[in-house]
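Only the coordinates and a few stated rules stand behind these numbers; no lab work does. Bear in mind that the values here come from a model prediction, so they are computed numbers and not experimental data. No Cβ is skipped: glycine too gets one built from the backbone with ideal geometry, and neighbour counts run over all protein chains shown.
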Amino acid sequence: MNMQYRTNPKNGDQLSALGLGCMRFPRKGVRLDQEKTTGMVKAAIAHGVNYFDTAYIYPGSEEALGTALHDTGLRDKVKIATKLPLVLCKNSADFDKYFNRQLARLKTDRVDYYLMHMLCDTGRWELLKSMGIIEWIRRQKSQGKIINLGFSYHGGRHEFLQLIDAYDWDFCMIQYNYLDEHNQAGKSGLQYAAQKGLPVFVMEPLRGGMLANALPKAAAEIFASSGKGRTAVQWGLRWVWDQPEVTLLLSGMGDITQIEQNCAAAAESSAGCLSDAEREAYPRAVKAINRATKVPCTACGYCMPCPANVDIPTCLSCYNESHGKYVDGMRHYFMNTGAISSKQSNASKCIDCGKCEEHCPQSIEIRSQLKKVRRRLESFWYRPLGAVARKFMKV
């Protein structure tokens, strides 16, 4: 089978529908296993993957990827994506400091797709502008060191739309899967970015593995009853690939077997690959997942906007997730409700007005549920840690 490629509408690049997320390279003890990593990189390229995504803050990842591509002579066969660690940038000198370090780690003279890492609100972008980021980007582009400039996003839908309009980006990356169709940037954000001519790259297509190995029995049975014989992973990936607005998705594959399986799925998953009957299985599976969760929120968004700026769907989603994997739910809540942003949207901002409940088609007692969210996910350390993070990031 041959890899599917999709065209970057901004520059014509032919990008593999499946990109390799490099955060989960195999390890040997506390260090990355370079031999296995190089083998994975070679195998991915042999199967048609030409987009590799890493980041400064992924321990050892940039060095391992750079070594693998350099030692095999395959650097010019692929597009490298990495990210500026905004959390570490205190002044304009830090832009050069970290970027030059990344070029050295990657053993390259350019980054094909460079992202502002976790740029989640316009306030943070304005701060970066005041530090001279636009002039810095222009200089790096003029020298051919940065080819395309974008941002990765975890946050609410409205802020995403504002960020899209705040700069002439070359691309963007969002979390997107069939359970998060209306969370974070969501489908409306995906479509808005695509309408603006931006390629959209998708991370977390399997919700951190939840949609791969943690499906409730009822949801798994819905997919199994289709008779297609697909795995949960294939169902999750194909849902993303079915949408023409998606340029590529990233999978954090950890071994060659996963690469082979996911590349095989990519080879038969073009835009529009799902039948109407297959598409109808997803909302039924989502309902089954929601029935197995604490709060039966479908993330329809009818409760929004909240007068107090609470991101209600995200709060409830993280609360549900925390009952399966507490650390993951807490982490996503901290990141996605603005704890490190200038615009918080966490549950404790609720003013108990009840307007959300007037519009909820599931008749959820949202105010009561938000109190539960606050008790569970806003522990004693939540506010101090958020304040420290915002101060550290100059938010």
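Using amide H atoms built 1.01 Å from N in the peptide plane, name the residues 5+ places from Val111, or on other chains, whose amide H lies under 5 Å from its own.
The list, which skips near neighbours in sequence, is Ile146, Ile147.
Could you work out the pair-distance distribution P(r) of the chain from its alpha-carbon pairs, with 20 angstrom bin width and percents rounded to whole numbers?
27, 60, 13, 0
Once you list every other residue whose beta carbon is under 15 Å from the beta carbon of Cys350, what net charge do they have if Lys and Arg are +1 and Asp and Glu are -1? Could the numbers behind the result be given before it?
On the way: positive: Lys349, Lys355, Arg367, Lys371, Lys372, Arg374, Arg375, Arg376; negative: Asp311, Asp352, Glu357, Glu358, Glu365, Glu378.
Within the 15 Å Cβ shell, the charges total +2.
Could you sort 120-127, 379-386 so that the peptide with the highest average Cβ count within 10 Å comes first and the rest follow in order?
Values: 120-127: 19.6, 379-386: 12.6.
Answer by packing, highest mean first, reads 120-127, 379-386.
May I ask for the net charge around Ala81, where only other residues with Cβ less than 12 Å from the Cβ of Ala81 are counted and Lys, Arg are +1 while Asp, Glu are -1?
On the way: positive: Lys79, Lys83, Arg110; negative: Asp13, Asp53, Glu62, Asp112, Asp170.
Residues close to Ala81 contribute a combined charge of -2.
Using a Cα-Cα cut-off of under 17 Å, which lysines could be cross-linked to Lys36, ignoring same-chain neighbours fewer than 8 residues away?
Cross-link targets: Lys28.
Simple spin-label model, 7 Å along Cα-to-Cβ: Val30 to Lys371 in nm?
4.6 nm
Based on DSSP H runs of at least 4 residues, each adding -39500 (n - 2.57), what is the mean residue ellipticity at 222 nm of the chain after dividing by all its residues, to the nearest 500 deg cm²/dmol? Provide the component values of the computation, followed by the final result.
Details: 17 runs with 181 residues, N = 395.
Calculated mean residue ellipticity at 222 nm is -13500 deg cm²/dmol.
For the stretch 249-298 and the stretch 5-49, write down the distance between their C-alpha centroids in whole Å.
Using only Cα atoms, the two centres lie 20 Å from each other.
For Lys79, which lysines qualify as cross-link partners when the Cα separation must be under 20 Å and same-chain residues fewer than eight apart are set aside?
Of all the lysines, those that pass the test against Lys79 - Cα under 20 Å, at least 8 places apart if same chain - are Lys10, Lys42, Lys107, Lys141, Lys145.
Under a Cβ-Cβ cut-off of 15 Å, what is the net charge of the residues other than Asn262 that fall near it, where Lys and Arg count +1 and Asp and Glu count -1? Don't skip to the answer; put the middle values down first.
Values: positive: Arg24, Arg230, Arg238; negative: Asp53, Glu204, Asp255, Glu260, Glu268.
Surrounding charge for Asn262 is -2.
Any chance you could tell me what percent of the C-alpha pair distances in the stretch 58-101 go past 17 Å? Write out the running numbers ahead of the final one.
Details: 405 of 946 pairs.
In whole percent, the long-distance tail amounts to 43.
Need the C-alpha centroid separation for the stretch 132-174 versus the stretch 349-383, integer Å.
The stretch 132-174 and the stretch 349-383 have Cα centres spaced 33 Å from each other.
If you project the alpha carbons of the stretch 285-395 onto their three principal axes, what span does each projection cover, largest first, in Å?
40, 30, 20
What lysines sit close enough to Lys349 to cross-link, taking a C-alpha to C-alpha distance under 26 Å and skipping anything fewer than 8 places away on the same chain?
Lys187, Lys294, Lys325, Lys371, Lys372, Lys391, Lys394
Which Cα, out of Cys297, Leu32, Ser348, lies furthest along the positive dipole direction of the chain (beta carbon charges, K/R +1, D/E -1)?
Sorting the options by dipole projection puts first Ser348.
When DSSP assigns beta bridges and you keep just the ones with both residues in the stretch 5-282, what percent turn out antiparallel, to the nearest 5? Before the final figure, lay out each step's value.
Details: 5 of 33 bridges.
Bridges in the stretch 5-282 are about 15 percent antiparallel.
Report, largest value first, the span of the C-alpha coordinates of the stretch 1-144 along each principal axis, in whole Å.
Computed over the stretch 1-144, the largest-to-smallest principal extents equal 48, 40, 27 Å.
Given a Förster distance of 25 angstrom, what is the FRET efficiency for Asp168 paired with Thr7, based on the Cβ-Cβ distance and rounded to 0.05? Working shown, then result.
Working: r = 19 Å, r/R0 = 0.78.
Computed FRET efficiency for Asp168 and Thr7: 0.80.
Give, rounded to the nearest 20 debye, the magnitude of the charge dipole that the chain has about its Cα centre when Lys and Arg contribute +1 at Cβ and Asp and Glu contribute -1 at Cβ. Intermediate values should be presented prior to the final figure.
Details: 52 positive and 39 negative charges, 220 e Å.
Charge dipole, the chain, about its Cα centre: 1060 debye, nearest 20.
Need the full-extension length gain, Arg331 to Val388, defined as separation in residues times 0.36 nm minus the C-alpha distance. One decimal, nm. Don't jump to the answer; show the numbers that get you there.
On the way: separation 57, 0.36 × 57 = 20.52 nm, distance 1.58 nm.
Extra length available between Arg331 and Val388 comes to 18.9 nm.
What FRET efficiency do you get for Arg279 and His323 if R0 is 22 Å and r is their Cβ-Cβ distance, rounded to the nearest 0.05? The partial results should precede the final answer.
Details: r = 28 Å, r/R0 = 1.29.
Calculated value: 0.20.
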